Amino acid sequence: MDFSLSEEEVMFQKTVKDFCERVVGPYVEPAEEAEQFPKELYKRLGQQGYIAMTYPEDVGGVGASKIMECIFVEELTRVSAGIAAGFLVQQSLATYPLLALGNDTQKKQYLVPALRGELVGAFALSEPGAGSDAAGIKSTARRDGGDYVINGAKTFITNGTICDYALVVAYTDPSKRGEGMAFFIVDRDNPGFKGVKKLRKMGQHSADTAEITFEDCRVPASALLGPETGGFSMVTKNLRGGRVIYGARSCGVARAAYEAALEYAKHREAFGQPIAKFQLIRSKLARMAMEIDVARTYTYKVAWMLDQGIECMKEASMVKLFGSEMAQRVTWEAVQIHGGYGYMKEYPVERYFRDARLLTIPEGTSEIHLSIIAKGIGI
Ligand SMILES: Cc1cc2nc3c(=O)[nH]c(=O)nc-3n(C[C@H](O)[C@H](O)[C@H](O)COP(=O)(O)OP(=O)(O)OC[C@H]3O[C@@H](n4cnc5c(N)ncnc54)[C@H](O)[C@@H]3O)c2cc1C
């Protein structure tokens, strides 16, 4: 058993930490303030190969391991959880189905430019009436001659206002719950891609989130991605990878909060000494360091299982659940250690606290992951 990162992984970690601080860092405050994802950043991330890194060479990637992806995502999230959220949709949900189900033309037209950051994608599954229960969506795609006509409403869609295309999930056969769903590639300039409304959120302000209505949205049959039925479930079986990445996201935001709290505790004085000297503050910081380390070690273990092709449905849910809840505890304590300043906008910990709150909700809420784990242990 070897728990150390390879030389190449250590080098990569240094390079991406520098990239995220130097290149992404300056975008963060303006993007948070404007509540707008800096769209041009996709090109920078694409040029560096970070969007494509885990994809095969024939579509522009280098087939990087899940561990490498975790390393990158932790550094990016440490700098901005909101920017990381947009990046991760672009790098997985809005592109992976194209790799898994797309034909050569679709890959050339959408996947390759998206992985270069030249096209921005969105993944439109959730609806006002259906989130955890994905099979409960109401959107339909009706065949009409050589076209499909899509109707329905989608909500909470990351990249929704800035995307160039969306992968829209709709029922082609509503009589087959779950199995009757398909993906469609819908261009943003399609006249049926309507009612795009930006949503305002508690945190992760630099991620773009929107509600979208599809009203008699006519697309050619060539916009169907994969089979007319069953395509959606073929892709979702592979979503374990995204859950493991939540471990890295959680470590990123928690580490940012921990580092800020540690620095603050060393310099803030009370009762004639730095607050880091108080046993109660020391034990908070010790616990934060421990929690992050445990979450990262487990994240890497399950990333390794994925890389080895070992079945890890239950473990991926454990990473998502443990990591996202760890980030709540760590960011909570970081605010506490800052006292009143922790509640002020001038200090970044209030943002980390708000940003972390989201992590227990998308890609399976904590309750859904508890159910998967319970099933995994045979109950
Ligand atoms: C900022 C943000 C970005 C998002 N980005 C995207 C995106 O890009 N594309 C996209 O398609 N979706 C996106 N989502 C949607 C996200 O995936 C859903 O919010 C999530 O799946 C939960 O669904 P819901 O909000 O409808 O909650 P619900 O499913 O209604 O859940 C409400 C509560 O009921 C609980 N619950 C539900 N079912 C069960 C059960 N069986 N057992 C126990 N408890 C249960 C839940 O755990 C939760 O506590 C995003 C959401 C947010 C907030």
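Every read-out reported here was derived from the displayed coordinates using simple, explicitly stated rules and does not represent laboratory data. Quick caveat, the model's predicted, so the values are computed rather than measured. Glycine also receives a Cβ, built like all others from the backbone with ideal geometry; neighbour counts cover every protein chain displayed.
Its relative contact order, with pairs defined as Cα atoms under 8 Å and 6+ residues apart, puts the chain at 16 percent. Checking the table Lys107/Lys237; Lys154/Lys314; Lys39/Lys154; Lys17/Lys197; Lys108/Lys197; Lys108/Lys201 against a 26 Å threshold on Cα-Cα, which pairs fail? Over 26 Å apart, Cα to Cα: Lys154/Lys314; Lys17/Lys197; Lys108/Lys197; Lys108/Lys201.
At most 11 other Cβ atoms within 10 Å and a DSSP loop assignment: could you name the GluC sites (Glu not before Pro) in segment 1-83 that fit? Mind dumping the intermediate values first?
Working: sites: Glu7, Glu8, Glu9, Glu21, Glu32, Glu33, Glu35, Glu40, Glu57, Glu69, Glu74, Glu75; in loops: Glu35, Glu40.
Counting only loop positions with at most 11 other Cβ atoms within 10 Å, the GluC sites (Glu not before Pro) in segment 1-83 are Glu40.
Mean-square fluctuations from a GNM of the chain, with a 10 angstrom spring cutoff on Cα atoms, peak among Ala276, Ala254, Ala356 at Ala276.
Sequentially through segment 159-172, phi angles give Karplus couplings (6.51, -1.76, 1.60; θ = phi - 60°) of 6, x, 8, 10, 6, 9, 8, 10, 8, 9, 9, 8, 7, 9 Hz, Gly and Pro residues having no value and appearing as x. If you average the alpha carbon positions of segment 271-290 and of segment 209-227, how far apart do those two centres end up, in angstrom? Between the Cα centre of segment 271-290 and that of segment 209-227, the gap is 54 Å. Annotation for segment 316-379 versus segment 80-126: alpha-carbon center distance of 26 Å.
Computed from Cα positions, the angle between helix 66-79 and the longest principal axis of the chain comes to roughly 60 degrees. Can you give me the long-range amide H partners of Asp164? Hydrogens built in the peptide plane at 1.01 Å from N, cutoff under 5 Å, separation of 5 or more residues or another chain. Distant-sequence amide H within range of Asp164: Val120, Gly121.
Each Lys or Arg adds one and each Asp or Glu subtracts one; over the other residues with Cβ under 13 Å from the Cβ of Phe193, this totals -1.
Each residue of segment 37-53 was assigned a 3J(HN,Hα) from its phi angle through the Karplus expression (A = 6.51, B = -1.76, C = 1.60, θ = phi - 60°), giving 5, x, 4, 5, 5, 4, 5, 5, 5, x, 4, 7, x, 6, 6, 8, 3 Hz with x at Gly and Pro. Starting from the Cα of Ala374, move 7 Å in the Cα-to-Cβ direction to define the label point; list residues of segment 221-238 whose amide nitrogen is under 12 Å from there. So the set is empty, nothing qualifies. The trypsin sites (Lys or Arg not before Pro) of segment 105-202 that meet both conditions, a loop assignment by DSSP and at most 13 other Cβ atoms within 10 Å of the site Cβ, are Lys176, Arg177, Arg200.
Listed peptides 127-133, 300-306, 117-123 appear in the order 117-123, 300-306, 127-133 once ranked by packing, highest mean of other Cβ atoms within 10 Å at the front. Between the helical axis of 7-19 and the longest alpha-carbon principal axis of the chain there is an angle of about 90 degrees. Phi angles of segment 344-351 translate, via the Karplus equation with coefficients 6.51, -1.76, 1.60 and θ = phi - 60°, into HN-Hα couplings of 9, 5, 5, 10, x, 5, 5, 5 Hz per residue; Gly and Pro are given as x. At a Förster radius of 35 Å, what calculated FRET efficiency corresponds to the Cβ-Cβ distance of Lys198 and Gln47, to the nearest 0.05? That pair, Lys198 with Gln47, gives E of 0.80. Per-residue ellipticity at 222 nm from helix content only, as computed over the chain with -39500 (n - 2.57) for each DSSP H run of at least four residues, stands at -14500 deg cm²/dmol. Applying the criteria of a DSSP loop state and at most 12 other Cβ atoms within 10 Å to the chymotrypsin sites (Phe, Trp or Tyr not before Pro) of segment 155-223 yields no site. For Lys266, the lysines whose Cα falls under 21 Å of its own Cα, not counting residues fewer than eight places away in the same chain, are Lys277, Lys284, Lys345. Counting other Cβ atoms within 10 Å as a rough exposure proxy, the listed residues Leu225, Leu101 run Leu101, Leu225 from fewest neighbours to most. Summing +1 for each Lys or Arg and -1 for each Asp or Glu among the other residues whose beta-carbon sits under 14 angstrom from that of Arg243 gives +2.
Compute the long axis of helix 25-34 from its Cα atoms, compare it with the longest principal axis of the Cα atoms of the chain, and write down the angle in degrees, 0 to 90, nearest 10. Approximately 70 degrees, to the nearest 10.
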